[in-house]
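Novice: The structure that follows is given in the form of structure tokens.
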């Protein structure tokens, strides 16, 4: 952990600021009272585009996933649940507007994922936001039978495939991080072979202050970490610029799991 903190500090960098200027228009005579006023068609600014990181993907390691492999300057920012539709929207707009790559582990039972589907779908299609299975209703998998585990994962799988047109396999996040060999085996039978945990948390599954959240980001936004956040409460949406600044100052590149790993072929 000390080595990781040293790397994070050593990677500090600055952000360049670009300034533009324009020439003011020449002064024109005021139109007469009978002249027809001219109108200018409104201009629309296209959404910014951000290239995917150019990485050599590696096979998914066996067992649970808690971090990214090797030495580097990558960070997987993952966010769960979706209790608050406005937070899902704000996170999606943040990813769209800044190029921050995110992985959403969603519960399809929450209305946010239907309400924000039109906004989110293009970012999922181009890979900027990846979707992962977090069960349909945020169930504790260790309390369920094998059939119950598979029903939770399959129902969420079917919802996402119908709504977003993507297959989330093999990644799933067991709610609360609760898992054991029996849950792993049941999930693997339907293609969910990779339980994704984390190495650092924004600790915002419950309501915390923006200041506390930034403190956790400062602690855990480090190279090769998988960090967990939540789509449940609004304080995180008020500090997106500060969170982005931490990433930039440490030279960290955000990645999705699909950016880093390649799943085995069937």
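What follows is calculated from the coordinates using simple rules that are stated; it is not laboratory data. For clarity, every value in this text was computed on a predicted model and none was experimentally measured. In this analysis, Cβ positions are derived from the backbone assuming ideal geometry, glycine residues included, and neighbour counts consider all displayed protein chains.
Novice: Largest first and in whole Å, give the semi-axes of the stretch 142-242's equivalent ellipsoid, each being the square root of 5 times a Cα gyration tensor eigenvalue.
Specialist: Calculated on Cα positions only, the semi-axes equal 30, 16, 13 Å.
Novice: OK, next. For the ranges 217-224, 119-126, what's the packing order if you count other beta-carbon atoms within 10 Å of each residue, average per peptide, and put the highest first?
Specialist: On the way: 217-224: 20.5, 119-126: 16.0.
Output ranking for 217-224, 119-126: 217-224, 119-126.
Novice: Something else: Compute the distance from the alpha-carbon center of the stretch 56-105 to that of the stretch 156-223, in whole Å.
Specialist: Cα centroid to Cα centroid, the span is 9 Å.
Novice: Related question: Equivalent ellipsoid semi-axes for the stretch 63-262, as square roots of 5 times the alpha carbon gyration tensor eigenvalues: give them largest first, rounded to whole Å.
Specialist: On the way: eigenvalues 127, 69, 52 Å².
Calculated on Cα positions only, the semi-axes equal 25, 19, 16 Å.
Novice: Taking every DSSP beta bridge with both residues inside the stretch 63-262, roughly what % is antiparallel (nearest 5)? Spell out each step's value before the answer.
Specialist: Numbers: 1 of 24 bridges.
If I count the DSSP bridges inside the stretch 63-262, around 5 percent turn out antiparallel.
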